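Please read the structure below before turning to the comments.
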Amino acid sequence: MTPEPVPSLRQLLAFYVDAGVDCALSDEPIDRLAVEEIVAEAPRPSAPAAPRLQSPIAPRPALPANIPATPEAAIVSAREAAATAPTLEALRALMQSFDGCALRTTATQLVFADGNPQARLMLVGEAPGRDEDIEGLPFVGRSGKLLDLMLAAIGLDRSKVYIANVIPWRPPGNRTPTPQETQICLPFIKRQIELVNPDVLVTLGNPSTQALLETREGIMRTRGRWVDYHTGTRTIRALPTLHPAYLLRQPTYKRHAWQDLRAIVTALEATEKSAAS
Ligand code: URA
């Protein structure tokens, strides 16, 4: 029998990339099976200390004082911090130095927002992907290009809308954010919405809809249905719609997205009229 060919490093690397494993968690590899010499404090000459296998789980180093010890403490700390930000720039600075979300340590940078902070329409997605992580801006990859097209279809572009994500750091390998990570990041995006103070909020896809609009219903039921959103200072209209990444996979659903886009135009016109009268 001919032996199975051993995969080359290039093939192995390609597999990792396809599987979404595209970042290392530490610069130095850790050999967790290494044998560690345990030096007895006062070794007896006749009975030298025997080598022992190091526990595969290395003891956790003590956390620096500013890192919340539990997810619950991190949520409280995010809530308290977000509430103190008087402006978007202050919020950005505060998030940049926030230590309570571990995603920050694997992401390249914070992806805060793009677009016009004076916009009347704000769109919120789930989390940055690879391209967003590199550029530091939301929705710049393939789904972002489709989002730009969708906005152009109703006469809008990034100078007229404001775009952000519930999670501002890319989850490693684009994995789904954990419920705890979402809860830790929620106070920041909520404060961001409050500070932008748009007339209309659009949640893109299921995770952003469920997190911001506090529903457990799936996007196929929630999309296209207006709900009230309380910013903290006033109530605005919010509309869930399909995420552009989903539309790339299921292009036949673009007709639903088009209905939602038309509804957004109508809502913007209505708020404009009521402001003028
Ligand atoms: N998907 C999102 O939800 N947000 C982005 O910024 C990019 C892709």
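Of all the residues in the range 227-252, those that are of a type outside the set (A, V, I, L, M, F, W, C), within 16 Å of the ligand (Cβ to nearest atom) and free of Cβ contacts under 8 Å to residues at least 40 places away in the same chain number 4. Return yes or no: is residue 173 surrounded by fewer than 17 Cβ atoms within 10 Å (Cβ to Cβ) and closer than 23 Å to residue 245 by Cβ? So residue 173 passes the test. The selection criterion, being in a helix (DSSP H, G or I), touching a residue at least 24 places away in the same chain (Cβ under 8 Å), of a type in the set (Val, Ile, Thr) and within 15 Å of the ligand (Cβ to nearest atom), does not hold for residue 167.
Only one of the listed residues (266, 182, 176) is without any contact (Cβ under 8 Å) to a residue 60 or more places away in the chain and away from the ligand (no atom under 16 Å from the Cβ). That residue is 266.
Scanning the range 191-221 for residues that are farther than 21 Å from residue 116 by Cα and away from the ligand (no atom under 16 Å from the Cβ) yields 214, 215, 216, 217, 218, 220, 221.
If you filter the range 113-149 down to residues that are assigned to a strand (DSSP E or B) and within 11 Å of the ligand (Cβ to nearest atom), you find that the one that is surrounded by the fewest Cβ atoms within 10 Å (Cβ to Cβ) is 114. Scanning the range 119-135 for residues that are in contact (Cβ under 8 Å) with a residue 40 or more places away in the chain and either closer than 22 Å to residue 195 by Cα or among the acidic types (Asp, Glu) (or both) yields 119, 120, 121, 122, 123, 124, 125, 126, 127, 128.
Residues in the range 95-117 that are touching a residue at least 60 places away in the same chain (Cβ under 8 Å) and over 15 Å from the mean Cα position of the chain (by Cα): 117 only. Just one of the listed residues (241, 182) is under 23 Å from residue 146 (Cβ atoms), surrounded by 18 or more Cβ atoms within 10 Å (Cβ to Cβ) and hydroxyl-bearing (Ser, Thr, Tyr), namely 241. In the range 140-155, the residues that are in contact (Cβ under 8 Å) with a residue 12 or more places away in the chain and more than 16 Å from residue 124 (Cβ to Cβ) reach residues that are within 10 Å of the ligand (Cβ to nearest atom) and not in a helix (DSSP H, G or I) with C-beta atoms within less than 7 angstrom, at least six apart or across chains, in these pairs: 141/129.
Kindly evaluate residue 77 against the criterion of being more than 15 Å from residue 168 (Cβ to Cβ), of a type in the set (S, T, N, Q), more than 16 Å from the ligand (Cβ to nearest atom) and at pLDDT 95 or above.
Details: more than 15 Å from residue 168 (Cβ to Cβ): yes; of a type in the set (S, T, N, Q): yes; more than 16 Å from the ligand (Cβ to nearest atom): yes; at pLDDT 95 or above: yes.
It is true that residue 77 is more than 15 Å from residue 168 (Cβ to Cβ), of a type in the set (S, T, N, Q), more than 16 Å from the ligand (Cβ to nearest atom) and at pLDDT 95 or above.
The values are calculated or read from the model by the stated rules, or taken from the named source; none is laboratory data. It should be emphasised that the depicted structure is a prediction, and the values quoted were computed from it without experimental measurement. Here Cβ is always computed from backbone atoms with ideal geometry, including for glycine, and neighbour counts include all displayed protein chains.
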